[in-house]
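Working notes, structure below.
The values are calculated or read from the model by the stated rules, or taken from the named source; none is laboratory data. These figures come from a predicted structure and were not determined experimentally. Neighbour counts run over all protein chains shown; Cβ positions are idealised from the backbone, glycine included. Each accessible area value is taken on the protein alone, full model and side chains, heavy atoms only, with ligands, DNA and RNA left out. Shrake-Rupley method; radii C 1.70, N 1.55, O 1.52, S 1.80 Å.
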Amino acid sequence: MASKTYPGRCLISKNDTTKRKAKTEILRALKEERAEEKTPQSWLVLFNGSGMPEFWIYLLVDKKATLEDVDRKLRDVWLECCGHLSSFTIAGREYESNPEGSYHEDAKGMDIRVDKIFCENLTGEHIYDYGSSTYLDFKVISKLPYSTKKGYDVEIVARNKMPEAVCSVCGKEATIICLECMYDGSDEYLFCDECYEDHECDEGMQLPVVNSPRCGVCGYEGGLDDDMC
Ligand SMILES: [Zn+2]
Ligand SMILES: [Zn+2]
Ligand SMILES: [Zn+2]
């Protein structure tokens, strides 16, 4: 059986890659472009949209960074719409963005260093917004002797390319989601700019098509471009 490939780009080398091949390309690019330190400096971590494998990012996380720093990067690139709560679940423990207001009696905050928690092959989950939730899962790939780029404690070193979305009228690239049609359960809720002009629904009920597992959810309008990762 042919397995699916999920195309993307290494943001260090700018080379095209796939989710499966990205690790090799990232290691090659780091070796070529950054000084190798004597001791491990960072963690390489893969995040996926849960049930949405076409959305993936590889993060390089400085060993001194905290879960809060990782959460902020996830919000910046994929999640933030209106300041919802979020949490990590790692090895049965919850780490929450607002532990004081938590239902879990033993909830921890996110101000904890990743070095205290991460180890190779560790897996976990992240949830943003307890209402209209976006679920991510992650795996810690390895600890590396390379630093993150200057000024970044969490750096996105590879990410998926925008998955294909086509206009339900003309088949060109879709740019707009009609929420009215989507909430009505119609399959035809994606439009290009041109076809959306002739579409009858309320113009206030639209969101842009963006490269994120939160596309079309709540008021999400998109996050970081590749050159800001
Ligand atoms: Zn929101
Ligand atoms: Zn169209
Ligand atoms: Zn509509």
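A few notes on this one:
- Residue match in the stretch 101-110 (condition: of a type in the set (Phe, Trp, Tyr) and within 22 Å of the chain's Cα centre (by Cα)): no
- Within the stretch 172-185, considering residues that are more than 16 Å from ligand 1 (Cβ to nearest atom), without any contact (Cβ under 8 Å) to a residue 24 or more places away in the chain and within 27 Å of the chain's Cα centre (by Cα), the one nearest to residue 222 (Cα to Cα): 173
- Test: residue in the stretch 154-162 that is more than 16 Å from ligand 2 (Cβ to nearest atom), surrounded by fewer than 20 Cβ atoms within 10 Å (Cβ to Cβ) and either over 28 Å from residue 92 (Cα atoms) or in the same structural domain as residue 90 (by TED's automatic domain parsing) (or both): yes
- The residues listed here are 197, 221; of these, the one that is within 16 Å of the chain's Cα centre (by Cα) and surrounded by fewer than 18 Cβ atoms within 10 Å (Cβ to Cβ) is 221.
- Being within 17 Å of the chain's Cα centre (by Cα) and either at pLDDT below 95 or open to solvent by 40 Å² or more (accessible area, probe 1.4 Å) (or both) is a property that does not hold for residue 136.
- Taken together, the residues in the stretch 174-229 that are within 16 Å of ligand 2 (Cβ to nearest atom), assigned to a loop (DSSP other than H, G, I, E, B) and β-branched (Val, Ile, Thr) amount to 2.
- The residues of the stretch 74-123 that are among the charged types (D, E, K, R) and at pLDDT below 95, listed by number, are 93, 94, 100, 105, 106, 108.
- Scanning the stretch 116-133 for residues that are more than 12 Å from residue 44 (Cα to Cα), touching a residue at least 24 places away in the same chain (Cβ under 8 Å) and open to solvent by 20 Å² or more (accessible area, probe 1.4 Å) turns up 117, 125, 127, 130, 131, 132.
- Any chance residue 100 is assigned to a loop (DSSP other than H, G, I, E, B) and either exposed (fewer than 11 other Cβ atoms within 10 Å of the Cβ) or free of Cβ contacts under 8 Å to residues at least 24 places away in the same chain (or both): no
- Whether a residue is surrounded by 12 or more Cβ atoms within 10 Å (Cβ to Cβ), over 26 Å from residue 228 (Cα atoms) and touching a strand residue (DSSP E or B) at 6+ places or on another chain (Cβ under 9 Å) was assessed, and residue 90 passes this test.
- Residue count for the stretch 58-81, restricted to those that are over 21 Å from residue 103 (Cβ atoms) and either open to solvent by 50 Å² or more (accessible area, probe 1.4 Å) or over 10 Å from the mean Cα position of the chain (by Cα) (or both): 13.
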